[in-house]
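Colleague: Structure provided below as structure tokens; questions to follow.
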Amino acid sequence: MIAVVLVGGEGTRLRPLTLDEPKPVLPIGGVPFLSLLLDRLAAAGVTRVIFSCGYLPERLRVGIGTPPPGVEVEVVVEDEPLGTAGAIRFAAAGRVDGPFLALNGDVLGDADFGALVRAHAAAGATASIGLTPVDDPTRFGVVVCDQDGNVERFVEKPPNADGLGPAPWWVNAGAYVLDPSVLDLVPADRMVSIEREVFPLLVGNGLIACQAEGYWRDIGTLESYLAANADAIGGQLHTRLGGSPTALLVDPTATVAAAAQLIAPVSIGAGAEIAEGATIGPDAVIGAASRVGANSVVRNAVLLDGAEVAAEATIERSVVGRGATVGERSSLLDSALGTGEIVGSDQALNDERRPH
Ligand code: GTP
């Protein structure tokens, strides 16, 4: 089985974190997101993964790292963004000769892709859409099906749930199995969206949907990126991180002062240093070689590798970028600092107007 993974977006809602790093290589629980996705693809029997990208392709190549055994990786680079369908066509044409998986590369999950592949084959479908249940449909693309799973219509980001039947509502999870013939429906000369332009053409023509119950979260906003990190170390989904609600995942090369307090779940990376009196957690991920000064508080937050938080500072619902610095007694709430950014002493940053 071949998988095409879409990783070409600029991740504008996660800026400044995505100014020098594509969203899919940002770490989750200290591990590049794509590395966790590759684990999941390998478990589903995928042997070849084609990454469809355009934004910061070199950084993406580095971030992919070493694929799991038995998985071959290729990076295909678009000259300009082609939209979800255009990007799948560009990456898959000439490389697939049977049904293949196509995935949005920014969804953290643990449902079995193999189930979607099997449902597609059993139905003899042309295209199959993986669905996930949500309690609030207003931010998603709702997929309405008949009893047999045939897709009847799409309702994109409805203002409310009127006319959609009872909860939960099933929305497009960003995972598809496509017959190569679907590529012929995609015009080559412009941006094309698979959700808005291609799937509607297939309603009544072999388009099915398949409900999956596992964990699902897209990592596209600061809020969801922080939640994804907390869920991964808290064991809300199955990953190689070994997370659990009581997890204190401290790398053996990290230094944690005896008088520091760790509140689970917490992850502390290689070579990190936590000074006396600091409170780390719950839901804190401290990257490799990061430092947290005396009496500082880091909770519901992510420090990327090499970040520095000086003494008596507070970091909450925020991300401190690679090598970024927060000065003494400063507070960072609902905010993100990009790579190498510096916040001086006695500052208060609060960016509640970020996109949600
Ligand atoms: P925002 O700018 O914050 O909306 O993020 P994004 O650019 O990632 O867009 P969005 O979340 O809608 O994209 C969903 C998935 O499709 C992500 O994995 C993107 O990387 C990917 N994607 C979106 N547009 C393109 C494209 O034109 N080409 C490729 N190759 N991938 C794309």
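The values are calculated or read from the model by the stated rules, or taken from the named source; none is laboratory data. Keep in mind it's a predicted model, so treat the numbers as computed, not measured. A quick note on method: Cβ atoms are made from the backbone with ideal geometry, for glycine too, and the neighbour counts reach across all protein chains shown.
Colleague: Do we find a residue being in contact with a strand residue (DSSP E or B) (Cβ under 8 Å, 6 or more places away or on another chain) and under 19 Å from VAL96 (Cα atoms) anywhere in the range 168-175?
Modeller: The answer is yes; a qualifying residue exists.
Yes or no, residue by residue, for (1) of a type outside the set (Asp, Glu); (2) at pLDDT 95 or above; (3) surrounded by fewer than 19 Cβ atoms within 10 Å (Cβ to Cβ):
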{"residue": "VAL177", "(1), (2), (3)": "yes, yes, no"}
{"residue": "VAL182", "(1), (2), (3)": "yes, yes, no"}
{"residue": "ALA188", "(1), (2), (3)": "yes, no, yes"}
{"residue": "TYR225", "(1), (2), (3)": "yes, yes, no"}
{"residue": "ALA228", "(1), (2), (3)": "yes, yes, no"}
{"residue": "GLY235", "(1), (2), (3)": "yes, yes, yes"}
{"residue": "ALA257", "(1), (2), (3)": "yes, yes, yes"}
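Colleague: Moving to a separate point now. Determine which single condition LEU60 fails, assuming it passes every other condition in (1) farther than 17 Å from VAL182 by Cα; (2) touching a Gly at 6+ places or on another chain (Cβ under 8 Å).
Modeller: So LEU60 meets the others, but not (2).
Colleague: Among the residues of the range 57-89, write down those that are part of a helix (DSSP H, G or I) and in contact (Cβ under 8 Å) with a residue 60 or more places away in the chain. Before the answer, list the steps.
Modeller: Step one: filter the range 57-89 for residues part of a helix (DSSP H, G or I), giving 57-64, 83-89.
Listed by number, the residues that qualify are GLY83, THR84, ALA85, GLY86, ALA87, ILE88, ARG89.
Colleague: With the checklist (1) out of contact with any Leu (no Cβ under 7 Å at 6 or more places or on another chain); (2) surrounded by fewer than 20 Cβ atoms within 10 Å (Cβ to Cβ) in hand, flag the one item ALA264 doesn't pass.
Modeller: Tallying (1) out of contact with any Leu (no Cβ under 7 Å at 6 or more places or on another chain); (2) surrounded by fewer than 20 Cβ atoms within 10 Å (Cβ to Cβ), ALA264 fails exactly one: (1).
Colleague: Right, next: So, in the range 33-56, of the ones that are crowded, with 19+ Cβ neighbours inside 10 Å and in a strand (DSSP E or B), which residue ends up nearest to the ligand (Cβ to nearest atom)?
Modeller: SER52
Colleague: Of the residues in the range 140-178, how many are within 16 Å of the ligand (Cβ to nearest atom) and either on the phi > 0 side of the Ramachandran plot or not assigned by TED's automatic domain parsing to the domain that holds LEU207 (or both)?
Modeller: Looking only at the range 140-178, we keep the residues that are within 16 Å of the ligand (Cβ to nearest atom), and these are 140-141, 154, 156-157, 171-176, 178.
Then keep just the ones that are either on the phi > 0 side of the Ramachandran plot or not assigned by TED's automatic domain parsing to the domain that holds LEU207 (or both); that gives 157, 174.
Going through the range 140-178 one residue at a time, the tally reaches 2.
Colleague: Sort out for me the strands (runs of 3 or more DSSP E) sitting completely within the range 118-194 that have 1 or more residues that are touching a residue at least 40 places away in the same chain (Cβ under 8 Å), of a type in the set (Gly, Ala, Ser) and under 21 Å from ARG217 (Cα atoms).
Modeller: Values: elements: 127-134, 141-145, 151-156, 169-178.
Filter on the range 118-194 gives 127-134, 141-145, 169-178.
Colleague: Report the residue count in the range 101-117 for those that are of a type in the set (A, V, I, L, M, F, W, C) and either free of Cβ contacts under 8 Å to residues at least 40 places away in the same chain or in a helix (DSSP H, G or I) (or both).
Modeller: Narrowing the range 101-117 to residues of a type in the set (A, V, I, L, M, F, W, C): 101-103, 107-108, 111, 113, 115-117.
Checking the rest, the ones that are also either free of Cβ contacts under 8 Å to residues at least 40 places away in the same chain or in a helix (DSSP H, G or I) (or both) come to 113, 115-117.
The number of residues fulfilling the criteria is 4.
Colleague: Of all residues being within 7 Å of the ligand (Cβ to nearest atom) and assigned to a helix (DSSP H, G or I) in the range 5-29, which is surrounded by the fewest Cβ atoms within 10 Å (Cβ to Cβ)? Just the residue, please.
Modeller: THR12
Colleague: Also: Could you tell me which residue of the range 97-132 is farthest from GLY206 (Cα to Cα), considering only residues that are within 16 Å of the ligand (Cβ to nearest atom) and aliphatic (A, V, I, L, M)?
Modeller: LEU108
Colleague: How many residues does the range 63-94 hold that are surrounded by fewer than 16 Cβ atoms within 10 Å (Cβ to Cβ), modelled with pLDDT of 95 or more and within 16 Å of the ligand (Cβ to nearest atom)?
Modeller: So the count comes out to 1.
Colleague: On to the next question. Quick check on the range 95-110: of everything there that is out of contact with any strand residue (DSSP E or B) (no Cβ under 7 Å at 6 or more places or on another chain) and modelled with pLDDT under 95, which residue is farthest from THR132 (Cα to Cα)?
Modeller: Among residues in the range 95-110 that are out of contact with any strand residue (DSSP E or B) (no Cβ under 7 Å at 6 or more places or on another chain) and modelled with pLDDT under 95, the one farthest from THR132 (Cα to Cα) is ASP97.
Colleague: Additional query: Kindly provide the set of residues from the range 95-104 that are surrounded by 24 or more Cβ atoms within 10 Å (Cβ to Cβ) and over 18 Å from the mean Cα position of the chain (by Cα), ordered by number. Let's see the steps before the verdict.
Modeller: Going residue by residue through the range 95-104, those that are surrounded by 24 or more Cβ atoms within 10 Å (Cβ to Cβ) are 100-103.
Of everything in the range 95-104, just one residue is surrounded by 24 or more Cβ atoms within 10 Å (Cβ to Cβ) and over 18 Å from the mean Cα position of the chain (by Cα), namely PHE100.
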